[in-house]
Amino acid sequence: QVQLVESGGGLVQSGGSLRLSCAASGSIFSINAMGWYRQAPGKQREWVADITSGGSTNYADSVKGRFTISRDNAKNTVYLQMNSLKPEDTAVYYCNADVLRRRYSPPYNYWGQGTQVTVSS
């Protein structure tokens, strides 16, 4: 099995910063893309950012220039540095990863349990 565990959420004032981490563990050969999604109350889950194993990144327009995604392949960990936070960034943030459990196996998609980020005005 594979587990994704997020950490780093919390309460911060508008304009502040937080850094989220997501560590993957278990039966892992390699990890392809890793990413972050978020879900605000009453809204659908939305994509925030992703990063390939080679380090190429993509961002939603709503966070571009404020959030930075990075990863440490040796630690199977992905990070989300969130700066200039706004109240509309308040949501549960979920980590996502495409994991190969064996060399020639197809990738399986896994989700973390989520971590709450609350930005006060």
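The values are calculated or read from the model by the stated rules, or taken from the named source; none is laboratory data. In this text, all values refer to a predicted model and were calculated from it rather than measured experimentally. Reconstructed Cβ throughout: ideal geometry from the backbone, glycine too, with neighbour counts over all protein chains shown. Surface areas here come from the heavy atoms of the whole protein model, side chains and all, with no ligands, DNA or RNA. Shrake-Rupley method; radii C 1.70, N 1.55, O 1.52, S 1.80 Å.
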- Qualifying positions in the stretch 61-118 - over 15 Å from the mean Cα position of the chain (by Cα) and buried (at least 21 other Cβ atoms within 10 Å of the Cβ): LEU85
- Query: open to solvent by 30 Å² or more (accessible area, probe 1.4 Å), closer than 19 Å to PRO106 by Cα and part of a loop (DSSP other than H, G, I, E, B), is that true of GLY15?
  - Reply: no
- Query: When you scan the stretch 46-60, how many residues do you find that are closer than 13 Å to ASP89 by Cα and surrounded by fewer than 18 Cβ atoms within 10 Å (Cβ to Cβ)?
  - Reply: 3
- Hey, can you tell me all the residues within the stretch 18-33 that are within 23 Å of PRO87 (Cα to Cα) and either open to solvent by 60 Å² or more (accessible area, probe 1.4 Å) or touching a Pro at 6+ places or on another chain (Cβ under 6 Å) (or both)? ARG19
- Answer with yes or no whether TYR104 is without any contact (Cβ under 8 Å) to a residue 24 or more places away in the chain, under 23 Å from VAL2 (Cβ atoms) and out of contact with any Lys or Arg (no Cβ under 9 Å at 6 or more places or on another chain). yes
